[in-house]
Structure formats: structure tokens, C-alpha cells
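Below is one structure, written out as C-alpha cells; comments come after it.
The values are calculated or read from the model by the stated rules, or taken from the named source; none is laboratory data. These numbers come from a predicted model, not from an experiment. Using ideal geometry, Cβ is built from the backbone for each residue, glycine included, and neighbour counts are taken over all protein chains shown.
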Amino acid sequence: MNSTLDDPPTERPETGLRIRGLTARYGPVLALDEVDLTAPRGQITAVLGANGAGKTTLLRVVSGLLRPSGGEVLLGSRNLTDSAAEDVARAGVAQVPEGRGVITELTVEENLRLGALLGATRSRAAGDGTPAAPPVPVSDLPDVFALFPSLERRRRQSAHSLSGGERQMLVLGRALLSAPEVLLLDEPSLGLAPKVVARIFAVLRELVDAGGLAVLLVEQNARSALSIADTGVVLNLGRVVACSDASALAADDELRHAYLGF
């Protein structure tokens with residue numbers, strides 16, 4: 001039967017990533033202490049702080065690599081807390097890990113096709129039957145090559161032969177081809193030339209502005225991260241010490257000197 005004007009309106013589900021009261025431990029060491037933050041669709045949320053602040057631990061919990069000891073991780077209306085890593089990936093969370101995690105034995109094209117395979121097989125519906133977020137505007141290899149032309153020139157080369165910057169572009173392209181709703185990035189600028197970092201960050205901003213992607217960006221390079229982010233969250237010893245508009249954080253002299261190192 002067709003819907004009529006008398007039917008009640010459908011309530012739009014909450015979208016993006018929500019973290020509530022998240023606590024995590026490594027044995028007796030408290031790594032995250034009741035962390036609250038939100039990474040909405042169509043925005044870049046930068047998570048900043050010194051080494052040992054809990055930034056990478058936060059991503060490991062969200063991606064299912066580390067079980068929390070308290071709190072919850074929500075993707076829209078879906079509760080991902082305690083989910084296995086493969087289930088988190090199928091739900092629409094893609095992680096770009098620190099260290100350029102490409103499969104060096106495979107070619108550039110083969111690495112990208114692994115991401116496309118997940119994107120093709122993953123259900124685009126939420127667990128309660130509501131539509132998932134629109135896909136990012138990267139659906140096939142030509143889209144990735146348009147973003148990163150150097151990868152097209154090397155598409156048949158072993159990933160082992162790539163530079164550090166090209167490996168970062170490759171692992172980012174592979175993640176995008178999985179059609180994620182949320183993209184987690186762990187220190188994407190680490191060890192890269194400023195020109196490469198600028199290109200990668202510009203691509204992230206373009207993708208977020210063009211689609212419904214939510215980005216959670218963990219960075220020590222606070223200046224660069226805040227320049228493209230919408231919101232900044234500062235962690236210190238596992239706790240949130242500041243959460244504000246990115247431009248406001250960048251302009252806060254006391255906060256910058258105390259926690260951000262610039």
C-alpha cells in the first residue's frame with residue numbers, strides 16, 4: 001500500500017559517531033577515562049594531545065581492536081560497543097592506521113580492490129533497517145586516481161616500491177573505497193613532507209564537504225589538523241580537557257602552550 005499524507009512522518013535517525021563515557025585500560029593502566037565526544041556526518045573532528053594522551057587508544061576502541069571497560073560507541077542508532085573489528089568495518093567504520101598499513105606484496109591496484117570488495121559486499125542499511133549514510137563520492141578506482149594521480153602511474157607496481165606519502169595515499173584510497181560512514185585516521189601526517197600532508201588534508205576536506213562522511217582525525221600536528229577541522233577535542237592523560245570549534249582552539253594561547261605544543 002502506498003503511503004498517504006495521513007501517515008506519521010518518519011523520524012530521521014541520529015547520524016555520525018557518538019562516544020559516551022568511554023573508559024579503557026591496559027591492565028592496571030587507565031588509558032581512557034570517561035571520554036565523551038561526537039563526530040557528526042559532514043564534519044572533521046580532530047582529536048589532539050601529546051604522546052600518551054589516549055588518542056590511538058580511542059581509535060582502537062572505536063574500531064573494535066580493544067574492548068572498553070566502560071561506556072559505549074554508537075554509529076547512528078547502532079551500538080558498536082564490544083563489536084569485533086570485522087563487524088565494525090562492515091557497519092561502515094574504516095580506519096587508516098598509523099604507519100601506512102598497505103600490503104606490500106600486492107600491487108597498488110590490488111590493494112585498492114580489497115577496499116572496493118568490502119564496499120561492494122557491505123550492506124548499506126543500518127541494523128534497524130533505516131538507510132545508512134550516503135556513500136562518500138569515491139566509488140571506484142578512477143575516483144581514487146583522480147584524487148591521487150601518482151597512484152595511477154604506479155597502479156601495477158608493488159606497494160613496496162611506493163614512497164611514504166604514496167603509501168599514505170594508497171591506504172586512504174583503499175579505506176574510501178570501502179564506502180565508509182565514518183573514517184578514522186591515526187597520525188596521517190607522521191613522517192611526511194609538508195606538501196604531501198597538505199594534499200592529503202585538502203582531499204579530506206573536499207570529501208567531507210561533498211558527502212555525508214564523518215572523519216575522526218587523530219593528530220599530533222595540531223596546527224595542520226585544526227586548519228581543516230570543524231571541531232577540536234583535546235585529550236590529556238585519557239581525559240577530555242577541551243572541546244570546541246577548531247578555530248577557537250587554535251586561537252587559545254593558554255591551551256596551545258599547555259597541550260598542543262605550538
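Residues in the stretch 189-206 that are in contact with a strand residue (DSSP E or B) (Cβ under 8 Å, 6 or more places away or on another chain) and either at pLDDT 90 or above or among the hydrophobic types (A, V, I, L, M, F, W, C) (or both): 2 in all. Scanning the stretch 128-166 for residues that are at pLDDT below 75 and of a type in the set (Val, Ile, Thr) turns up THR130, VAL136. Looking across the stretch 61-117 at every residue that is surrounded by 15 or more Cβ atoms within 10 Å (Cβ to Cβ) and among the polar types (S, T, N, Q), the one that is nearest to GLU34 (Cα to Cα) is identified as THR81. Within the stretch 46-81, the set of residues being under 13 Å from GLY16 (Cα atoms), in contact with an Asp or Glu (Cβ under 7 Å, 6 or more places away or on another chain) and in contact (Cβ under 8 Å) with a residue 60 or more places away in the chain comprises LEU75, GLY76, SER77.
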